[in-house]
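Participant: Below is a structure I'd like to ask you about.
The values are calculated or read from the model by the stated rules, or taken from the named source; none is laboratory data. Keep in mind it's a predicted model, so treat the numbers as computed, not measured. Glycine also receives a Cβ, built like all others from the backbone with ideal geometry; neighbour counts cover every protein chain displayed. Side chains included, ligands, DNA and RNA excluded: accessible areas come from the protein's heavy atoms. Shrake-Rupley method; radii C 1.70, N 1.55, O 1.52, S 1.80 Å.
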Amino acid sequence: MKRKGDEADSVRFSESARGQVARRRLLAGSAIAAGAVAAGASRALGATLTTPSWTKEPGAPVLAHPYGVPSRYESGIVRRTLPAPIPQVGSAWTPLADLHGMITPNGLFFVRDHAGTPEIDPDQHRLLVHGLVDRPMVFTVDELMRFPAVSAIHFLECAGNTFQDWAKPAVKTVQFSHGLLSCCEWTGVLLETILGETGVRPEATWILAEGADAAAMDRSVPLADALRIGAMVAFAQNGEPIRPEQGFPLRLVLPGFEGNMNIKWLRRIKLMTEPGMTKEETAYYTDLMPDGKARGFTFVMEAKSVITRPSGGQRLPSPGFYDITGLAWSGRGRIMRVDVSVDGGETWQTATLQDPVLSRCLTRFRLPWRWGGGSAVLQSRAIDETGYVQPTLKELVAVRGVNSFYHNNGIQPWSVASSGEVSNV
Ligand SMILES: Nc1nc2c(c(=O)[nH]1)N[C@H]1C(S)=C(S)[C@@H](COP(=O)(O)O)O[C@H]1N2
Ligand SMILES: [Mo]
């Protein structure tokens, strides 16, 4: 697939990597028409191998970058943002179309800040656990890191992901339609372990979590739910300390629950008998329904999926073989199945789920496709282990009306024109 303004790269891919992939599929006896893949393979055989400058002399010193950076040829793979009146209040979207597998690299993890990213000195940071506990305690980061830790791979999705597309297709690329979504391995101490230290009074049924940023973002969570889903006070992300944008030095991770509840820069957990009814769960993060009432405390991110390649803004260089691929996830557990349609939902095929398929985690799916050159509409539909089926946007709007903003998990169609242009429809 051609990335905009990157001719050389696409030639390199089509002649070597894609040819090999195509031949391997052929050997595996896949259903792809032989003619379509043979073209790529024979071009690769006919090409001459030149000796480029980088083969003639040694490269950069081994410690050129004490902290590694991507190839400069990949400088277009970055988070992007939309113009906002206050740069500290807003989002930076993950470039989903350019990512592979299911892990989001730390530098590309989406960012959603209500009052900017604070620069916190971990030695001065404290976590207070108080309220209906037997022993209120204040922990330093070092003290927390002495507890038994756990690691788990989970997605994080902003409740507002795909908000622009409620009424009609509004954004061009999957980065802006679905990029308030990332997935990484979190490491930290289970809330259960911390509460084992402080003790919990029997009447405690809710926790209130608060951040140390200027927004002092706070949200309430039912205690039983938090324990059931494996709530964690995380200090690491994909093997290194959590990035400042993700909540350094401590963040609450609530697997499968809407992004905003995953309090960054966590500094306080209070045990209570009822929710705090904070601004963030009354004025915001509620869904205005057609009858004028608002739904509140919509914690779980329901099953959703999106095709990331081919996706809006890309162009298919020629008819032939394409590996349709994308991501599926559910806040309720594992993805059970993903269906893909190449004819606008008339017929569906079952996609291959790539291992590992984990609970409350992004799952990579793939479907081999031979594009004949005509117009096509590609879309995916996720089904999770509870049997929940991702709805079409029309089905969603029928229930939720058009005043909603959060929790748009509708099916995303991408249209392929005969020119090869892919767009949001
Ligand atoms: N303290 C604090 N926690 C916060 C926020 C914030 O602004 N302040 N933003 C929330 C929102 S709305 C989302 S979607 C996620 C985003 O997490 P990320 O920036 O690591 O992707 O963090 C949540 N936790
Ligand atoms: Mo969010």
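Participant: Any residue in region 53-74 that's free of Cβ contacts under 8 Å to residues at least 60 places away in the same chain: show its pairings with residues that are surrounded by 10 or more Cβ atoms within 10 Å (Cβ to Cβ) and outside any helix (DSSP H, G or I) at Cβ separation under 9 Å, as long as the two are six or more apart or on different chains.
Facilitator: Once the first residue is free of Cβ contacts under 8 Å to residues at least 60 places away in the same chain and sits in region 53-74, its partners that are surrounded by 10 or more Cβ atoms within 10 Å (Cβ to Cβ) and outside any helix (DSSP H, G or I) give Pro70/Ile77; Pro70/Pro105.
Participant: Right, another one. Could you list, in sequence order, all residues of region 252-281 that are open to solvent by 20 Å² or more (accessible area, probe 1.4 Å), within 16 Å of ligand 2 (Cβ to nearest atom) and under 28 Å from Val399 (Cα atoms)?
Facilitator: If the condition is that a residue be open to solvent by 20 Å² or more (accessible area, probe 1.4 Å), within 16 Å of ligand 2 (Cβ to nearest atom) and under 28 Å from Val399 (Cα atoms), then Lys279 is the only one that fits.
Participant: Taking the condition of a type outside the set (Val, Ile, Thr), open to solvent by 60 Å² or more (accessible area, probe 1.4 Å) and in contact with a Gly (Cβ under 7 Å, 6 or more places away or on another chain), does Lys168 pass?
Facilitator: No; evaluated as a whole, the condition is false for this residue.
Participant: On to the next question. How about region 150-169: which of its residues are more than 15 Å from ligand 2 (Cβ to nearest atom) and either without any contact (Cβ under 8 Å) to a residue 40 or more places away in the chain or farther than 12 Å from Gly312 by Cβ (or both)?
Facilitator: Val150, Ser151, Ala152, Ile153, His154, Trp166, Ala167, Lys168
Participant: For residues that are part of a strand (DSSP E or B) and basic (Lys, Arg), scanning just region 287-334, find the one that is surrounded by the most Cβ atoms within 10 Å (Cβ to Cβ).
Facilitator: So, considering only residues that are part of a strand (DSSP E or B) and basic (Lys, Arg), the one surrounded by the most Cβ atoms within 10 Å (Cβ to Cβ) is Lys304.
Participant: Here are some conditions: (1) more than 16 Å from ligand 2 (Cβ to nearest atom); (2) open to solvent by 40 Å² or more (accessible area, probe 1.4 Å); (3) not β-branched (Val, Ile, Thr). His114 meets all but one. Which one does it not meet?
Facilitator: Looking at each condition in turn, His114 falls short on (1).
Participant: If you check Pro70, Pro136, which single one turns out to be open to solvent by 70 Å² or more (accessible area, probe 1.4 Å), away from ligand 1 (no atom under 15 Å from the Cβ) and within 26 Å of Cys361 (Cβ to Cβ)?
Facilitator: Pro70
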